[in-house]
Each structure stands twice: as structure tokens, then as C-alpha cells.
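The values are calculated or read from the model by the stated rules, or taken from the named source; none is laboratory data. Only a predicted model underlies this, so the values are computations on that prediction, with no experimental measurement involved. Positions of Cβ are backbone-derived with ideal geometry, glycine not excepted, and every protein chain shown enters the neighbour counts. Each accessible area value is taken on the protein alone, full model and side chains, heavy atoms only, with ligands, DNA and RNA left out. Shrake-Rupley method; radii C 1.70, N 1.55, O 1.52, S 1.80 Å.
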Amino acid sequence: MNLPKLPKLHKGLTDRLPLALSFALPFLGMLILMIASHYTPFGNHAMLYSDMWHQYFPFFVNFRKMLLSGESLLFNWDLGLGLNYLGLMAYYLASPLNLLCVLLPANWSLGFFTLLPPLKMGFAGLFFGIFLKKVFHRNDYSIPLFSAFYALCAWAMGYQWNLMWLDSFAILPLVMLGMLQLLREQKFILYTLSLFLAVSINYYIGFFIALFVILVFLCYEIAYCESIKNFFRDTGRIVFFSALAAMLCAIVLLPT
């Protein structure tokens, strides 16, 4: 595909422009939709439906209250007859972006909450852009174009109301990039940390990401493996560093 070249800017700006657009296109696309539909914080309608209304947003408000008051994040007496709050956090509230809620006044909670899906889609585009740039060694307009395709794919748009799933979806390209770096260059840090984050932020989507790693690894070996020896060597690397990521996740998953 012959795409137009980047405009001649300062070299640093030119290098960063594709990744900046990779974040901006899905993020601004969602914002424009919210503005046009008069959704909060740009209007009087709340983009809350299904479980967002009676579960996700109330959990978010309660999480903010507990952070500001210094209450224990291990057990909570405010919900039902008391529950294991760490288990609730591990599924609904483990996104690092949720921590930013303490910086805002209480009356901004709904507006910030409804901005989380556009932000997460923006990061999905950014991380997919990094994946494309590193794997295909190119830095043109194809990067933000295909990054927007990923961030705004049917799955993301269909399930954007399950906003606690979007963090792991955003991190998935980094997991794939880390796996390729592990197999090709024996670099393990990105794979281990990104897999740890993807699973620990939301263990439900993290489980499917782990299955996806297995499928992609098998496809990679079918396409590129040169010998049985290399196959077992690559398998050993993936198993070892996946197990290391799983042990890091145990900090969250075992108490949950």
C-alpha cells in the first residue's frame, strides 16, 4: 500500500507523529461521538447502560471514597453484607487509570468515568502503533491507520461499556511485541511485564490473552522454526517467562 509520506517537520516531531496520531485518532473519534450525542462531560446525557449503571459506576465511586478516606482495600462493609474487596478490585477496578480519580472533585466523577473508554482506546491505538513500528520497521501514515483499525475494531466498540476489559485489550499488542522480542532477540522484560499487567489488571481478559499467546506462539513456530532443537528452546523460553509473569500475578490472583 503506497501511503503519503509524512510532512517535513523537525526530525523529532516527524518521528513521533505516527504514534501521536495512533493515540489521537481513536481517542478523538470517541470524543467527537460523545460531543455530537451530548454525553457527559459534554452534555446532559450519561453514557451509562446495562451493568455500567448499577455496578461499574457505583463501584468506581466507592473505590474513590475508599482511596480518599484511607479505608482498607481488602474488605468492605459498604457493599451488600460485606465482601472481599480485593476480589472486586481484581475484576472491576484494577486499572491504573482509576487511581487518577482522587485528583478530581467528587462532582467530576461521572465525567471522568465516561472518558475512560476513549482514553483506553487511545492507548490501544498507541500500543498497537508501537507494535507495528517495531515489527515492520516503518514510520509512516500506515501506523496510525491500522492502529485506529485495531483500537476501534468491532470487539472494542461492542464491549466498550465493559470498560474494565479495555486495559488488557490495550496491552495485548505489547504482549505480542514482547513475545517476538523474546523469541528473536532473547529480550524478556517487555513480555514478562506486559503479560503480568494484562492478566493482573483484569484476569478474565488476561485468561484469553494467555490462550492467544499459545496460539500465536504455535503459528510462529510453524512459520519460522528451523529445527526441533530451536522449537524446544523457544518453548522453554515462553514457558519460563510466562510462569514468571504468572508468579507476579499471584500477588493479586491468589488472594482474589
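Pairs exceeding 32 Å between alpha-carbon atoms, taken from LYS65/LYS133; LYS65/LYS134; LYS65/LYS120; LYS134/LYS229: LYS65/LYS133; LYS65/LYS134. Entry note, segment 170-256: relative contact order of 32 percent, from Cα contacts under 8 Å with a spacing of 6+ residues.
Which number do you get for Rg(Cα) / (2.2 N^0.38 Å) in segment 89-153?
Working: Rg = 15.2 Å, N = 65, 2.2 N^0.38 = 10.7 Å.
With N residues counted in segment 89-153, Rg over 2.2 N^0.38 Å equals 1.41.
Quick one: which of 155-162, 168-175 comes out on top by average Cβ neighbours within 10 Å, and what's the full order, highest first?
Top to bottom by mean Cβ count within 10 Å: 168-175, 155-162.
Among residues other than LEU126 with Cβ under 12 Å from its Cβ, the summed charge is +3 (Lys and Arg +1, Asp and Glu -1).
Sorted on the mean count of surrounding Cβ atoms within 10 Å across their residues, most packed first, peptides 29-36, 69-76 read 29-36, 69-76. Backbone phi angles across segment 39-47, fed through the Karplus curve with coefficients 6.51, -1.76 and 1.60 (θ = phi - 60°), yield HN-Hα couplings of 7, 4, x, 9, x, 9, 9, 9, 7 Hz in residue order; Gly and Pro are listed as x. Under 5 Å from the amide H of ASN76 lie the amide H atoms of LEU83, TYR85, each residue being 5 or more positions distant or on a separate chain, with H modelled from the backbone and absent for Pro and chain starts. For the chain, the alpha carbon positions stretch 58, 48, 30 Å along the principal axes, listed from largest to smallest.
Solvent-accessible area per residue in the chain equals 54 Å², computed with a 1.4 angstrom probe and all protein chains kept.
The slack between VAL135 and LEU74, meaning 0.36 nm per residue of separation minus the straight C-alpha distance, is 17.8 nm.
Backbone geometry of segment 129-141 corresponds, through the Karplus equation with coefficients 6.51, -1.76 and 1.60 at θ = phi - 60°, to 3J(HN,Hα) couplings of x, 4, 4, 5, 5, 6, 7, 9, 6, 9, 8, 10, 5 Hz, x marking Gly and Pro. Heavy-atom surface analysis with a 1.4 Å probe gives segment 136-225 a carbon and sulfur content of 75 percent of its accessible area. On the beta carbon distance between ALA36 and LEU253, with R0 = 51 Å, the FRET formula returns roughly 0.80.
So, by mean Cβ neighbours within 10 angstrom, what's the order for 16-28, 123-135 with the highest one leading?
Working: 16-28: 20.5, 123-135: 22.9.
In descending order of packing, they fall as 123-135, 16-28.
The GNM of the chain, with springs linking C-alpha atoms under 10 angstrom apart, assigns the highest mean-square fluctuation among ALA90, ALA245, ALA46 to ALA46.
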